[in-house]
1. Name the residues in the stretch 471-506 that are in a helix (DSSP H, G or I) and of a type in the set (D, E, K, R), would you?
2. Every residue in the stretch 151-178 that is open to solvent by 40 Å² or more (accessible area, probe 1.4 Å) and over 22 Å from the mean Cα position of the chain (by Cα), please.
3. For GLY200, indicate whether it is on the phi > 0 side of the Ramachandran plot, open to solvent by less than 50 Å² (accessible area, probe 1.4 Å) and away from the ligand (no atom under 16 Å from the Cβ).
4. Do we find that MET519 is surrounded by 20 or more Cβ atoms within 10 Å (Cβ to Cβ) and touching a residue at least 60 places away in the same chain (Cβ under 8 Å) in this structure?
5. Look at MET531 and say whether it is touching a Pro at 6+ places or on another chain (Cβ under 7 Å), open to solvent by less than 70 Å² (accessible area, probe 1.4 Å) and without any contact (Cβ under 8 Å) to a residue 24 or more places away in the chain.
6. Quick one: in the stretch 86-121, which of the residues that are open to solvent by 50 Å² or more (accessible area, probe 1.4 Å) and in contact (Cβ under 8 Å) with a residue 40 or more places away in the chain is nearest to the ligand (Cβ to nearest atom)?
7. Show me the helices (runs of 4 or more DSSP H) found entirely inside the stretch 358-468 where at least 1 residues are within 16 Å of the ligand (Cβ to nearest atom), out of contact with any Ser or Thr (no Cβ under 8 Å at 6 or more places or on another chain) and of a type in the set (Val, Ile, Thr).
8. Just the residues that are under 30 Å from ALA144 (Cα atoms), within 16 Å of the ligand (Cβ to nearest atom) and in a loop (DSSP other than H, G, I, E, B), please, taken from the stretch 50-85.
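The values are calculated or read from the model by the stated rules, or taken from the named source; none is laboratory data. Worth saying up front: this structure is predicted, and the values here are computed from it rather than measured. Here Cβ is always computed from backbone atoms with ideal geometry, including for glycine, and neighbour counts include all displayed protein chains. We work out accessible area using only protein heavy atoms, side chains counted, and drop any ligands, DNA or RNA first. Shrake-Rupley method; radii C 1.70, N 1.55, O 1.52, S 1.80 Å.
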Amino acid sequence: MTHGGEPASAESFGPNGEQATEQTDVVVVGAGFAGLYMVHRLRGLNLTVTGFEAGDDVGGTWYWNRYPGARCDAESLAYSFSFSPELEQSWTWTERYASQPEILSYARHVADRFDLRRAFRFGRRVESASFDERAGRWLITSSAGDRVSARFCIMATGCLSVPQVPDIPGLDDFAGERYQASLWPHEPVSFAGKRVGVIGTGSSAIQAIPVIAAQAERVVVFQRTPNFSVPARNEPLDDAFVEAFKRHYREHRRLAREGKASGFGGLEAEPKEQGPAVESAREATDAELRRILEDYWDTGGARFIGALGDTLLDEQANEFVAEFVRDKIRSIVRDPATAERLCPRSHPIGTKRICVDTGYYETFNRDNVELVDLTETPIERVTGHGVRTADGERPLDMLILATGFDAMTGALRRIDIRGRDGRALADHWRDGPRAYLGLAVAGFPNLFTITGPGSPSVLSNMLVSIEQHVDWIADCLETMAGRGAERVEADPDAESRWVDHVNEVAAATLFPQAGSWYMGANVPGKPRVFMPYAAGVDPYREVCERVAAEGYEGFHFA
Ligand code: NAP
């Protein structure tokens with residue numbers, strides 16, 4: 001493996017006549033967990049790799065999202081690489097749900113341990129990737145002027161990596177400190193004695209608000225849509241628990257791969273399948289259902305949404321679970337009017353990503369926290385010194401935008417990706433993303449997307465899905481080498497059938513009822529299509545394995 005490419009041969013031309021200045025076997029875009037593991041596997045195949053990363057170091061989402069309270073909603077022992085038993089035995093997590101700094105340290109440790117950093121060029125954003133049909137190579141250009149010719153281009157660009165900045169009048173007039181949660185500065189930010197406004201009430205804000213409220217003079221939360229949140233029940237990990245868990249690590253990993261233990265709460269030291277308590281809410285009395293939900297609520301974590309097997313399929317079951325959570329909010333928040341404003345009603349529970357919090361609802365019992373319901377009093381504009389809503393201006397020293405991401409497709413669309421005949425990926429995806437298995441796109445040979453749209457990705461434990469995709473891609477490249485194939489491309493019909501299947505699966509659930517980022521609804525003008533594959537990691541893995549076993553059905557090798 002090289003970290004620099006080798007000098008390009010004279011034939012390495014881009015489609016517009018540009019010439020590459022160096023060449024490599026594979027370009028990997030992104031040094032988050034997906035990019036790191038991809039480089040590791042490619043190295044094992046003796047391929048030369050050039051990686052690009054916009055940040056100054058590895059870590060991806062955990063490099064950028066440094067806002068106060070940032071923490072994973074999957075359990076540390078499960079949100080970690082399984083590919084190296086030595087790594088999983090030697091690394092020690094300190095909390096049930098790891099904080100951002102700890103996960104970033106882990107990413108750095110992995111990069112050092114497997115010597116992955118030298119594959120990457122940091123602080124450079126890939127601007128374009130175009131396939132040169134004649135040469136059968138990709139030409140990749142970066143913000144730093146790199147022009148690399150590669151046989152393969154692998155996008156490890158993340159599902160939630162393009163921040164969504166809201167179009168609120170006057171935003172740029174604000175004279176105080178302004179931060180985007182997902183682009184938080186590396187230097188410490190002090191909240192002491194400050195009046196802080198937070199716009200947004202998704203997972204990021206729900207984690208940040210309790211931490212900020214404990215330090216700031218005053219916090220004003222601008223809420224457009226309330227979200228459902230369940231307690232994390234985070235705690236320090238006990239040595240005896242970790243030791244016992246590690247004794248069974250291989251079995252825990254098998255269950256995770258098969259989707260039988262997601263790691264979204266309730267992991268025990270002894271490996272155990274984590275299915276729903278009942279397949280359907282109809283199987284139990286209301287009192288029994290409440291006892292089940294109470295038990296999941298007490299254990300904590302996002303697996304709460306899977307307590308009843310039909311929460312995301314049946315409106316009545318869903319409403320039962322939703323009302324249970326609303327009752328919890330009413331029991332926690334002392335002011336009844338505030339509690340009602342915090343109760344979500346506009347979407348079925350779980351159809352927007354469930355949030356996992358530490359003391360979020362309790363924070364609204366503090367004297368220094370105010371909730372502004374933007375459905376009652378919309379924002380008119382941001383002024384030089386605060387935010388003006390329909391009922392007046394609230395003076396602020398700091399404004400935090402926790403307004404989400406252009407999810408799943410944003411990072412791919414902002415690179416000018418052109419396949420055969422100069423066709424732009426943005427055009428191919430005009431009506432929504434189209435990809436075969438979320439791994440490859442028809443018309444874009446030798447291009448792979450890790451956890452791309454049409455794969456379980458954001459509905460799963462991302463580390464499990466990343467490893468599955470990386471392994472599948474590496475196996476595919478190995479098969480190509482064995483067959484002497486130079487090119488692999490998804491068949492357009494196979495792609496269409498897969499896209500239809502992904503849509504059918506989503507249509508059988510309640511997911512499409514929410515204006516969520518899963519649906520692209522948070523980005524003006526983005527097509528409304530449910531982007532992840534909702535059937536679960538196990539059925540999906542089986543499809544991918546079958547496709548490979550049957551000679552890469554739906555792919556053309558040349
Ligand atoms: P998000 O869930 O998309 O939330 C964005 C928030 O900003 C929403 O409350 C949205 O309101 C609000 N908003 C957007 N534009 C607005 C505007 N113009 N005016 C007022 N409010 C506006 O984004 P996020 O909180 O960053 O989370 C995104 C995803 O990242 C999560 O769902 C999760 O998958 C991941 N994440 C995970 C963790 C974790 O592991 N614990 C932590 C953070 C994030 P509307 O709902 O009305 O649009």
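1. Of the residues in the stretch 471-506, the ones in a helix (DSSP H, G or I) are 471-483, 492-506.
Listed by number, the residues that qualify are ASP471, ASP475, GLU478, ARG483, ASP493, GLU495, ARG497, ASP500, GLU504.
2. Correct list: ARG151, ASP167, PRO169, ASP172, ASP173, ALA175, GLU177, ARG178.
3. Numbers: on the phi > 0 side of the Ramachandran plot: yes; open to solvent by less than 50 Å² (accessible area, probe 1.4 Å): yes; away from the ligand (no atom under 16 Å from the Cβ): no.
When the stated conditions are applied, GLY200 does not pass them.
4. Details: surrounded by 20 or more Cβ atoms within 10 Å (Cβ to Cβ): yes; touching a residue at least 60 places away in the same chain (Cβ under 8 Å): no.
When the stated conditions are applied, MET519 does not pass them.
5. Numbers: touching a Pro at 6+ places or on another chain (Cβ under 7 Å): yes; open to solvent by less than 70 Å² (accessible area, probe 1.4 Å): yes; without any contact (Cβ under 8 Å) to a residue 24 or more places away in the chain: no.
No.
6. At the first step, the residues of the stretch 86-121 found to be open to solvent by 50 Å² or more (accessible area, probe 1.4 Å) are 86, 89-90, 92, 94, 101, 105, 108-109, 112-113, 115, 117-118.
Checking which are in contact (Cβ under 8 Å) with a residue 40 or more places away in the chain leaves us with 89, 92, 94, 108, 117-118.
On the way: GLN89: 25, THR92: 21, THR94: 17, ARG108: 19, ARG117: 25, ARG118: 29 Å.
Out of the qualifying residues, it is THR94.
7. The helices (runs of 4 or more DSSP H) meeting that bar are 360-363.
8. If we filter the stretch 50-85 for residues that are under 30 Å from ALA144 (Cα atoms), which is where we start, we get 50-67.
Adding the requirement that they be within 16 Å of the ligand (Cβ to nearest atom) leaves 59-67.
Listed by number, the residues that qualify are GLY59, GLY60, ASN65, ARG66, TYR67.
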